[in-house]
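The structure appears below as structure tokens.
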Amino acid sequence: MRSLMCVLFLVLFCSVQMTSSAPFSFNVENCCIAFTNVKIPLKLVVSYYHTSSNCPRQAIVFQTQTGKKHCVDPESTWVNSHAAKLNSRTTV
């Protein structure tokens, strides 16, 4: 009886280890690999969003009127200025 309990405990322990060590997956599609160097005119930008915190590089993505998405560096001053102006557009 004691050996059966040990075997059951071992099986339970191993199954918990296998499920907890499963790799964490996230959608890499929405991450930015590189930033654009071109300053996008504000009149063309419709919206923006921040990439996921799971992405290797944090970025802001500007979407233009034509539907194109541009990854930009959130540390750039013009990017923060554009984001602030877009925020004021939506709150007015």
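The values are calculated or read from the model by the stated rules, or taken from the named source; none is laboratory data. Fair warning: this is a prediction, and the values are worked out from it, not measured in the lab. Methodologically, a virtual Cβ is constructed for each residue, glycine included, from the backbone with ideal geometry; neighbour enumeration extends over all protein chains shown.
If you go through segment 58-92, how many residues are within 13 Å of the chain's Cα centre (by Cα) and over 15 Å from residue 37 (Cβ atoms)?
So the answer is 2.
Of everything in segment 5-53, what is of a type outside the set (A, V, I, L, M, F, W, C), in a loop (DSSP other than H, G, I, E, B) and modelled with pLDDT under 90? Give them in sequence order. Spell out how you get there, then give the answer.
Within segment 5-53, the first condition is being of a type outside the set (A, V, I, L, M, F, W, C), and the residues that meet it are 15, 17, 19-21, 23, 25, 27, 29-30, 36-37, 39, 41, 43, 47-53.
So of that shortlist, the ones also in a loop (DSSP other than H, G, I, E, B) come out as 21, 23, 25, 27, 36-37, 39, 41, 51-53.
Scanning segment 5-53 gives 21, 23, 25, 27, 37, 53.
Are there any pairs, at least 6 apart or on different chains, whose C-beta atoms fall under 6 Å, with the first in segment 33-49 and over 17 Å from residue 75 (Cβ atoms) and the second surrounded by 13 or more Cβ atoms within 10 Å (Cβ to Cβ) and basic (Lys, Arg), and if so, which?
Going by the 6 Å Cβ cut-off, there are no qualifying pairs.
Does segment 54-80 hold any residues that are in contact (Cβ under 8 Å) with a residue 12 or more places away in the chain and not in a loop (DSSP other than H, G, I, E, B), and which are they?
Matches in segment 54-80: 60, 61, 62, 63, 64, 70, 71, 72, 78, 79.
How many residues are surrounded by 13 or more Cβ atoms within 10 Å (Cβ to Cβ) and either more than 14 Å from residue 31 (Cβ to Cβ) or out of contact with any strand residue (DSSP E or B) (no Cβ under 9 Å at 6 or more places or on another chain) (or both) if we restrict to segment 53-69? Show your work before the answer.
Step one: of segment 53-69, the residues surrounded by 13 or more Cβ atoms within 10 Å (Cβ to Cβ) are 55, 57-64, 69.
Adding the requirement that they be either more than 14 Å from residue 31 (Cβ to Cβ) or out of contact with any strand residue (DSSP E or B) (no Cβ under 9 Å at 6 or more places or on another chain) (or both) leaves 55, 62-64.
The total comes to 4.
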